[in-house]
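To start, the structure itself, in structure tokens.
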């Protein structure tokens with residue numbers, strides 16, 4: 001396990017380094033003069049010069065990159081150009097929203113996908129199986145933001161059970177939870193469509209193996225065999241997809257926060273784009289990319305923990 | 001559903017027929033919109049706003065009295081164009097990385113695949129956000145972002161397929177006959193990996209349509225007056241209490257297009273590579 005972990009960790013560092021280079025280059029080299037991008041074409045030269053000085057734009061690019069990375073490693077992402085406060089403070093303020101949304105959506109995705117996938121596998125070639133497969137085909141093709149609009153149409157506009165958007169704050173937990181029901185459902189329904197298929201097919205594969213038949217022959221109930229014996233052995237492909245799905249849920253949260261006007265990091269990114277707040281966008285894109293890369297890394301490690309045979313090959 | 005093609009009675013698989021029909025519908029509407037739409041898509045008629053479906057306006061009109069069917073058709077053309085260009089760019093670069101990695105091996109293979117993997121670290125949305133913040137939001141940037149995430153996908157598929165070709169006897173023979181790596185790649189590898197690459201392209205087409213819709217919905221893709229299903233949904237959302245019907249049709253179009261290309265891709269994969277046609 002040691003050498004394997006070390007090799008994966010080295011790969012992780014190399015990827016993070018490359019990612020940081022791409023993000024830095026996109027925000028600092030692509031626009032030509034970032035100060036001009038932030039202040040607009042008709043900004044007076046003195047204001048531009050002052051901003052260049054403040055952002056350190058007169059330094060050579062490699063030095064600016066190192067300054068940025070060194071600061072970011074210590075949690076210092078510079079000053080937000082539109083809010084006039086440190087970016088790290090903005091992130092800390094809005095992080096809980098995004099974390100809660102992503103985790104609740106991930107949890108709901110797992111529960112839904114396992115129920116649908118196992119149900120479909122148990123009813124293989126039956127109407128239940130076809131029903132789940134049909135729903136998942138629809139789910140894969142449905143944009144989460146459109147599903148959100150449809151859910152709002154049904155549960156907020158027509159039935160008036162839930163709020164159509166906005167967030168009341170964490171002080172009132174019940175109201176906060178109500179505001180999160182539709183966003184979570186929209187994300188989870190779409191994401192679980194992909195996962196349910198993977199659960200189903202890896203369950204079918206594991207069900208064919210001898211031990212499943214033996215367990216049935218030994219008198220265990222069908223349900224017990226499915227959940228206690230087949231499912232654990234079907235986990236390897238499921239875990240891989242769950243890792244990729246986590247990335248999907250996190251970027252999905254960016255979209256969904258904007259659909260429902262939830263004050264999280266995804267909403268902050270779009271406010272920052274509209275305000276041409278380059279330091280904030282740079283910090284947030286880097287943060288999300290790190291989350292995605294880390295999720296992939298953890299999947300690889302989990303993979304090796306579940307199935308020791310794979311360690312040598314990775 | 002592997003409907004084995006029985007000798008004598010060759011029937012195309014169900015998913016192929018449904019997929020092809022949906023694709024024909026969407027692509028047909030998109031192509032037709034270039035020369036004809038029931039009304040000019042951008043023609044406003046404020047007194048006739050929010051008209052219900054009628055013989056004149058098959059699906060009614062929107063908040064500016066524009067004909068919905070015409071807008072949906074114009075949006076289809078934009079969506080297809082974005083997906084086509086993005087998949088072509090991403091596919092060519094990805095295949096270039098993939099086949100060169102397989103042909104040259106060694107350090108280049110490592111570097112090429114690491115480069116390709118970089119695309120996995122950036123979901124299309126993040127890359128589009130980067131470009132939009134740096135250069136301003138535009139359809140071109142959305143195309144680039146979608147193309148970028150296609151690179152690693154095609155690099156992996158084409159490298160795996162190319163490696164398989166390189167182990168074949170006829171490639172051995174070609175090498176023994178003195179053919180170089182470039183010539184072998186051109187004459188033997190590329191023609192033989194065409195099938196899996198085309199299958200992947202069909203599936204990625206569906207992914208690209210979804211991505212374009214999301215980016216346009218968020219304001220990072222098609223800019224007014226260019227029409228897009230995603231942008232139509234963004235506008236409809238602000239009118240959800242007034243005209244909920246406007247939020248239905250663009251979404252259905254996205255779904256039809258994505259399901260169509262998805263099913264077609266699955267069916268083509270089953271038909272071109274029987275080994276891959278798993279129990280589904």
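Only one of B:251, B:260, B:265 is under 21 Å from residue B:71 (Cβ atoms) and touching a residue at least 24 places away in the same chain (Cβ under 8 Å). Can you tell me which? Before you say what the answer is, go through the steps one by one.
Values: B:251 fails: touching a residue at least 24 places away in the same chain (Cβ under 8 Å); B:265 fails: under 21 Å from residue B:71 (Cβ atoms).
Within the list B:251, B:260, B:265, the selection yields B:260.
Can you tell me which residues in the stretch B:231-247 are at the interface with another protein chain (Cβ under 8 Å from one of its Cβ atoms) and either closer than 30 Å to residue A:133 by Cβ or assigned to a helix (DSSP H, G or I) (or both)?
B:233, B:236, B:237, B:244, B:247, listed by residue number.
What is the number of the single condition among (1) crowded, with 22+ Cβ neighbours inside 10 Å; (2) under 25 Å from residue A:292 (Cα atoms) that residue B:162 does not meet?
Single failed check for residue B:162: (2).
Of (1) more than 14 Å from every other protein chain (Cβ to nearest Cβ); (2) farther than 30 Å from residue A:118 by Cα, residue A:160 satisfies all except one. Which?
Residue A:160 satisfies every listed condition except (1).
Among the candidates B:147, B:81, B:132, single out the residue that is within 14 Å of another protein chain (Cβ to nearest Cβ) and part of a helix (DSSP H, G or I). Before you say what the answer is, go through the steps one by one.
Details: B:147 fails: within 14 Å of another protein chain (Cβ to nearest Cβ); B:81 fails: within 14 Å of another protein chain (Cβ to nearest Cβ).
Being within 14 Å of another protein chain (Cβ to nearest Cβ) and part of a helix (DSSP H, G or I) holds for just one of B:147, B:81, B:132, which is B:132.
Would you check which residues across the stretch B:248-278 are modelled with pLDDT under 90, within 11 Å of another protein chain (Cβ to nearest Cβ) and not in a loop (DSSP other than H, G, I, E, B) and list them?
B:266
Which of the residues spanning the stretch A:8-45 are at pLDDT below 85, surrounded by 12 or more Cβ atoms within 10 Å (Cβ to Cβ) and more than 25 Å from residue A:60 (Cβ to Cβ)?
A:8, A:11
Among the residues of the stretch B:25-42, which ones are loosely packed, with under 14 Cβ neighbours inside 10 Å and part of a loop (DSSP other than H, G, I, E, B)?
B:36, B:40
Can you find even one residue in the stretch A:91-110 that is at pLDDT 85 or above, within 32 Å of the chain's Cα centre (by Cα), farther than 20 Å from residue A:258 by Cβ and surrounded by fewer than 16 Cβ atoms within 10 Å (Cβ to Cβ)?
yes
Considering every residue within the stretch A:134-157, establish whether at least one is surrounded by fewer than 14 Cβ atoms within 10 Å (Cβ to Cβ), within 14 Å of another protein chain (Cβ to nearest Cβ) and not in a helix (DSSP H, G or I).
So far as the stretch A:134-157 goes, no, none of its residues is surrounded by fewer than 14 Cβ atoms within 10 Å (Cβ to Cβ), within 14 Å of another protein chain (Cβ to nearest Cβ) and not in a helix (DSSP H, G or I).
Looking for something touching a helix residue (DSSP H, G or I) at 6+ places or on another chain (Cβ under 9 Å) and either more than 14 Å from chain B (Cβ to nearest Cβ) or more than 25 Å from residue A:289 (Cβ to Cβ) (or both) - is there at least one such residue anywhere in the stretch A:7-22?
yes
Being touching a helix residue (DSSP H, G or I) at 6+ places or on another chain (Cβ under 8 Å), more than 10 Å from chain A (Cβ to nearest Cβ) and touching a residue at least 40 places away in the same chain (Cβ under 8 Å) is the filter here, so list the residues in the stretch B:213-230 that pass it.
Kept after step one, since they are touching a helix residue (DSSP H, G or I) at 6+ places or on another chain (Cβ under 8 Å), are these residues of the stretch B:213-230: B:213-224, B:226-230.
This time we only want the ones that are more than 10 Å from chain A (Cβ to nearest Cβ), so: B:216, B:221-224, B:226-228.
Within the stretch B:213-230, B:216, B:221, B:222, B:223, B:226, B:227, B:228 qualify.
Here is a check on your reading of the model: is residue A:182 outside any loop (DSSP other than H, G, I, E, B) and either over 23 Å from residue A:104 (Cα atoms) or without any contact (Cβ under 8 Å) to a residue 24 or more places away in the chain (or both)?
Numbers: outside any loop (DSSP other than H, G, I, E, B): yes; either over 23 Å from residue A:104 (Cα atoms) or without any contact (Cβ under 8 Å) to a residue 24 or more places away in the chain (or both): no.
It is false that residue A:182 is outside any loop (DSSP other than H, G, I, E, B) and either over 23 Å from residue A:104 (Cα atoms) or without any contact (Cβ under 8 Å) to a residue 24 or more places away in the chain (or both).
Among the residues in the stretch B:167-175, are any touching a helix residue (DSSP H, G or I) at 6+ places or on another chain (Cβ under 6 Å) and more than 11 Å from chain A (Cβ to nearest Cβ)? So that I can check it myself, show each step before the final result.
Filtering the stretch B:167-175 for residues touching a helix residue (DSSP H, G or I) at 6+ places or on another chain (Cβ under 6 Å) gives B:171, B:174.
With the extra rule that they be more than 11 Å from chain A (Cβ to nearest Cβ), the set shrinks to B:171, B:174.
Scanning the stretch B:167-175 turns up at least one residue that is touching a helix residue (DSSP H, G or I) at 6+ places or on another chain (Cβ under 6 Å) and more than 11 Å from chain A (Cβ to nearest Cβ).
Under 6 Å between Cβ atoms, which residue pairs at least 6 apart in sequence (or on different chains) link something in the stretch A:137-165 that is in contact (Cβ under 8 Å) with a residue 40 or more places away in the chain with a partner that is part of a loop (DSSP other than H, G, I, E, B) and surrounded by fewer than 17 Cβ atoms within 10 Å (Cβ to Cβ)?
A:165/A:261
Among the residues of the stretch A:123-133, how many are surrounded by fewer than 19 Cβ atoms within 10 Å (Cβ to Cβ) and part of a helix (DSSP H, G or I)? Before the answer, list the steps.
Restricting attention to the stretch A:123-133, the residues satisfying the condition of being surrounded by fewer than 19 Cβ atoms within 10 Å (Cβ to Cβ) are A:123-131, A:133.
Remaining after also requiring part of a helix (DSSP H, G or I): A:127-131, A:133.
Adding up the residues that qualify gives 6.
Checking the conditions here, which among A:84, A:75 is without any contact (Cβ under 8 Å) to a residue 40 or more places away in the chain, touching a helix residue (DSSP H, G or I) at 6+ places or on another chain (Cβ under 6 Å), in a loop (DSSP other than H, G, I, E, B) and more than 14 Å from chain B (Cβ to nearest Cβ)?
On the way: A:84 fails: touching a helix residue (DSSP H, G or I) at 6+ places or on another chain (Cβ under 6 Å).
It is A:75.
Among the numbered conditions (1) surrounded by fewer than 18 Cβ atoms within 10 Å (Cβ to Cβ); (2) touching a helix residue (DSSP H, G or I) at 6+ places or on another chain (Cβ under 7 Å); (3) closer than 23 Å to residue A:130 by Cα, tell me where residue A:223 comes up short.
Condition (2) is where residue A:223 drops out.
Based on this model, can you work out whether residue A:175 counts as in contact with a helix residue (DSSP H, G or I) (Cβ under 9 Å, 6 or more places away or on another chain) and either in a helix (DSSP H, G or I) or within 14 Å of chain B (Cβ to nearest Cβ) (or both)? First the steps, then the outcome.
On the way: in contact with a helix residue (DSSP H, G or I) (Cβ under 9 Å, 6 or more places away or on another chain): no; either in a helix (DSSP H, G or I) or within 14 Å of chain B (Cβ to nearest Cβ) (or both): yes.
It is false that residue A:175 is in contact with a helix residue (DSSP H, G or I) (Cβ under 9 Å, 6 or more places away or on another chain) and either in a helix (DSSP H, G or I) or within 14 Å of chain B (Cβ to nearest Cβ) (or both).
Among the residues of the stretch A:272-281, is there at least one that is under 30 Å from residue A:29 (Cα atoms), touching a residue at least 24 places away in the same chain (Cβ under 8 Å) and surrounded by fewer than 18 Cβ atoms within 10 Å (Cβ to Cβ)?
Looking only at the stretch A:272-281, we keep the residues that are under 30 Å from residue A:29 (Cα atoms), and these are A:272-281.
If we keep only those that are touching a residue at least 24 places away in the same chain (Cβ under 8 Å) too, we end up with A:272, A:275-281.
Subsequent filtering for residues that are surrounded by fewer than 18 Cβ atoms within 10 Å (Cβ to Cβ) retains A:275.
Checked against the condition, which is being under 30 Å from residue A:29 (Cα atoms), touching a residue at least 24 places away in the same chain (Cβ under 8 Å) and surrounded by fewer than 18 Cβ atoms within 10 Å (Cβ to Cβ), the stretch A:272-281 yields at least one hit.
Among the numbered criteria (1) within 28 Å of residue B:210 (Cα to Cα); (2) within 24 Å of the chain's Cα centre (by Cα), which single criterion is violated by residue A:120?
(2)
Specify which of the listed residues (B:179, B:190) is on the phi < 0 side of the Ramachandran plot and in a loop (DSSP other than H, G, I, E, B). If you could, list the steps in order and put the result at the bottom.
Working: B:190 fails: in a loop (DSSP other than H, G, I, E, B).
One residue alone meets the criteria, B:179.
Could you tell me whether residue B:112 is at negative phi, assigned to a helix (DSSP H, G or I) and touching a residue at least 40 places away in the same chain (Cβ under 8 Å)? Even if it seems obvious, please write down each step before you answer.
Numbers: at negative phi: yes; assigned to a helix (DSSP H, G or I): yes; touching a residue at least 40 places away in the same chain (Cβ under 8 Å): yes.
When the stated conditions are applied, residue B:112 passes them.
The values are calculated or read from the model by the stated rules, or taken from the named source; none is laboratory data. Every value quoted in this text rests on a predicted model; they were computed, and no experiment measured them. When we count neighbours, we look across all protein chains shown, and the Cβ atoms used for this are built from the backbone with ideal geometry, even at glycine.
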